[in-house]
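**Student:** The following block contains the structure, expressed as structure tokens.
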Amino acid sequence: MILAFDTSSAACTAALFDNAGACVARRDEMIGRGHSERLVPMLDELLEGRKAERILVGVGPGSFTGIRVGVAAAHGLAIGWDAELSGMSSLALVAASADSPGEIAVAVSGGHGELFVQDFDGAQAASGLLNLSPDRAGSATRAERVVGTGARALVEARGWGEATDAWPSAAYALDLPEDLRSLPPRPVYARAPDARPRQAA
């Protein structure tokens, strides 16, 4: 069995796949905040006592807190089950969840009014990951269709395109190219955290 989950956004999403890659159970909930309280009960409901041999966890970018919750839970489960653990790109998961062939841009709200943006061809990355203001993000993306929590801001800033609100769904995890679901299982923040360590006096 393969367990996939992502907590990088307002969605808390998990899916369980059999060894042939078929999705046998899924949960997708819009919870806003509170992933630390909801994730483990959701996984218990999904698993129904089953264990996974492989775990895929969304590593971001997205919500700092949400990503940390998901990655920590994945490490704990991997240790307990002696399971293989890999990270998957949360932006690629949004692209795959949009189920849109051809060029697509993903724009996710990144805090401080900025956006995490990346171009995809289906679920395959077609550009690097960037963290930019909406104006600069609009100049950096070329796809007509933009999906994600920051899609409207990007399309409004550049003045053209089609914006669709979208969130990741773990049910599409195995649609990601292997390189985007074989990442190190650690957070991808794409910008420096807001908190800064104290400087020594």
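Every read-out reported here was derived from the displayed coordinates using simple, explicitly stated rules and does not represent laboratory data. Computed from a predicted structure; not experimentally measured. Backbone-built Cβ (ideal geometry, glycine too); neighbour counts: all protein chains shown.
**Student:** Name the single residue that is nearest to Val117 (Cα to Cα) among those in the range 10-39 being surrounded by fewer than 14 Cβ atoms within 10 Å (Cβ to Cβ) and of a type in the set (A, V, I, L, M).
**Tutor:** Filtering first and then ranking leaves Met30.
**Student:** When Ala96 is evaluated against the numbered criteria (1) touching a residue at least 12 places away in the same chain (Cβ under 8 Å); (2) surrounded by fewer than 24 Cβ atoms within 10 Å (Cβ to Cβ), which criterion, by number, is the only one it fails?
**Tutor:** For Ala96, the failing item is (2).
**Student:** Next up: Could you name every one of the strands (runs of 3 or more DSSP E) located completely within the range 114-180 that has at least 1 residues being of a type in the set (Phe, Trp, Tyr)?
**Tutor:** Fully inside the range 114-180 and qualifying: 114-121.
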